[in-house]
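*Asks:* Below are the structure tokens for one structure; questions will follow.
The values are calculated or read from the model by the stated rules, or taken from the named source; none is laboratory data. As the structure is a computational prediction, the values presented were derived from the model and not from experiment. With ideal geometry, Cβ positions are generated from the backbone for all residues, glycine too; neighbour counts draw on all protein chains shown.
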Amino acid sequence: MKRYSAFAVAREAFRHHTGWERAWRRPEPKKKYDVIIIGAGGHGLATAYYLGKRFGIKNVAILEKGWLGGGNTGRNTTIIRSNYLQDPSAAIYEKSRSLYETMSQDLNYNVMYSPRGVMMLAQTEHEVRGYKRTAHANTLQGVKTEFISPQRVKELCPIMNIDGPRYPVLGALWQDRAGTARHDAVAWGYARACSDMGMDIIQKCEVTGIRQADGRVQGVSTTKGEIDCDKLGIVVAGHSGVLADMAGFRLPIESVALQALVSEPIKPCMDVVVMANTVHGYMSQSDKGEMVIGGGTDGYNNYTQRGSFHHIEETVRALVETFPMISRLKMLRQWGGIVDVTGDRSPILSKTPLGNCFINCGWGTGGFKAIPGSGFGFAELMAKGHSPLTDAFGLNRFAEGRFIDESVAAGVAH
Ligand SMILES: Cc1cc2nc3c(=O)[nH]c(=O)nc-3n(C[C@H](O)[C@H](O)[C@H](O)COP(=O)(O)OP(=O)(O)OC[C@H]3O[C@@H](n4cnc5c(N)ncnc54)[C@H](O)[C@@H]3O)c2cc1C
């Protein structure tokens, strides 16, 4: 595949952009692959990419029931940070954040990683204690974060009202190399690299059954026919329970819609990401100028990928006290995605009761930031049978009571 470069852009400008290749091929499925990954979201594509790049496993198909990146990967608010509390989480999220720093160069695709800084506001004494504890834990883990004063918060984000009547800002957990990236570009960059390695990304191909014999997966039944494989990776976020059911095991997971919305575009007014977990809302400004606003999950399990009016009202009402200026904005769009939430708010990257079947799920409301790190570790787990990055996230932790409690870092936050 031809490299993207300033020279290529100039060359194509001269020939009216007639020379660009398709970014990825549109193959029909083969009869058999070494590895099948179900789900062409960021995690599935990153897994395939690292299977090829790190382990030379390239006879891989990625099966997607819709279009690639059309699940949560293309619906999230793109916050990237690694200020989690527990050691296994800090390891995988910080690996991921560091891979984002060089992703555009690695993939030869501009994913617009913007390390503009993320702050998590402390608006109760309880949050002050919780975030100071996280900052100390992060120092020990080698993750650079700090607890900052209300005055520093105001300096970093002048549009904020830090003296709100109900919840004044008492400080914030600040990570200066955290930020955002263009979510579609992350999926497209990985897809292009996978296709370039000869992998087949097969869209509009829903897996409807998992065929097995003697405790091992033989292949999958799909809307494009039967496909065999030596190993299977299930990476379908909110549909993990459905696929686990096809494979014959149960997951400790709930599926629920998470919503977000954007305003009309306005002039640049905010160059950091702010999360306010007590009132439950978070906001950043996109490169187009829209205020990107994230809300909460629906209060009941469901599989609807859409927004609802009461969430707009709740989220905007929560944020107006801290950001009075948004009361004058028009809201343009809202949407939802189905997230997969575990009891300890940590992901599952694991072997399953089926010998050659692996599962990567449970990223809940915060898995965009984890895409490269998750793919890096999960590929190793699939290729070698274990990975230092994923060992703590096995399914067995629920039976053995080894929870990785991230309810402060990920309970409502992203
Ligand atoms: C509104 C919202 C805001 C969010 N904000 C953030 C944020 O700011 N920061 C952050 O880190 N995370 C955020 N997240 C979470 C993040 O988006 C997800 O954790 C992450 O994208 C999950 O990626 P994935 O690849 O596992 O899943 P997905 O991108 O959902 O991909 C799974 C794919 O599997 C496919 N699939 C399902 N069933 C089948 C089947 N039977 N056959 C074939 N294919 C199938 C789906 O069509 C889908 O494309 C947010 C999520 C939402 C919804």
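*Asks:* Scan region 335-366 for residues that are within 14 Å of the ligand (Cβ to nearest atom) and out of contact with any strand residue (DSSP E or B) (no Cβ under 8 Å at 6 or more places or on another chain) and report the count.
*Replies:* Within region 335-366, residues that are within 14 Å of the ligand (Cβ to nearest atom) and out of contact with any strand residue (DSSP E or B) (no Cβ under 8 Å at 6 or more places or on another chain) number 2.
*Asks:* So, one more: Any residue in region 114-130 that is over 30 Å from P150 (Cβ atoms) and either in contact with a strand residue (DSSP E or B) (Cβ under 9 Å, 6 or more places away or on another chain) or not in a helix (DSSP H, G or I) (or both)?
*Replies:* no
*Asks:* Say we look at region 8-42 and pick out the residues that are basic (K, R) and over 30 Å from V217 (Cβ atoms); which of these is nearest to the ligand (Cβ to nearest atom)?
*Replies:* Only one residue fits best here, namely R22.
*Asks:* I'd like to verify a number: residues in region 252-276 that are touching a residue at least 40 places away in the same chain (Cβ under 8 Å) and under 21 Å from E290 (Cα atoms), how many?
*Replies:* Start the filter on region 252-276 by keeping residues that are touching a residue at least 40 places away in the same chain (Cβ under 8 Å), which leaves 252-264, 266, 269-276.
Retained after the next criterion (residues that are under 21 Å from E290 (Cα atoms)): 258-264, 266, 269-276.
Number of matching residues: 16.
*Asks:* Output the number of the condition that H136 fails; it satisfies all remaining conditions of (1) over 21 Å from the mean Cα position of the chain (by Cα); (2) surrounded by 22 or more Cβ atoms within 10 Å (Cβ to Cβ); (3) within 23 Å of A370 (Cα to Cα).
*Replies:* (2)
*Asks:* Further, regarding this structure: Being among the hydrophobic types (A, V, I, L, M, F, W, C), surrounded by fewer than 22 Cβ atoms within 10 Å (Cβ to Cβ) and touching a strand residue (DSSP E or B) at 6+ places or on another chain (Cβ under 9 Å) narrows it down to one residue among I80, I62, I57, I92; which is it?
*Replies:* I57
*Asks:* Taking region 68-82 as the search range and keeping residues that are over 12 Å from G39 (Cβ atoms) and in a loop (DSSP other than H, G, I, E, B), which one is farthest from the ligand (Cβ to nearest atom)?
*Replies:* The selected residue is S82.
*Asks:* Turning to a different aspect of this structure: Consider region 270-289. How many of its residues are assigned to a loop (DSSP other than H, G, I, E, B) and of a type outside the set (D, E)?
*Replies:* The number of residues fulfilling the criteria is 9.
*Asks:* Also: Out of everything in region 304-346 that is over 30 Å from I92 (Cβ atoms) and among the polar types (S, T, N, Q), what residue ends up being surrounded by the fewest Cβ atoms within 10 Å (Cβ to Cβ)?
*Replies:* Of everything passing the filter in region 304-346, S327 is surrounded by the fewest Cβ atoms within 10 Å (Cβ to Cβ).
*Asks:* Scan G289, G241, G248, G299 and give me the residue that is more than 14 Å from the ligand (Cβ to nearest atom) and in the same structural domain as G367 (by TED's automatic domain parsing).
*Replies:* So the residue among G289, G241, G248, G299 that is more than 14 Å from the ligand (Cβ to nearest atom) and in the same structural domain as G367 (by TED's automatic domain parsing) is G248.
*Asks:* Now for a separate question. Give the number of residues within region 196-229 that are touching a Lys or Arg at 6+ places or on another chain (Cβ under 8 Å), acidic (D, E) and surrounded by fewer than 20 Cβ atoms within 10 Å (Cβ to Cβ).
*Replies:* Number of matching residues: 3.
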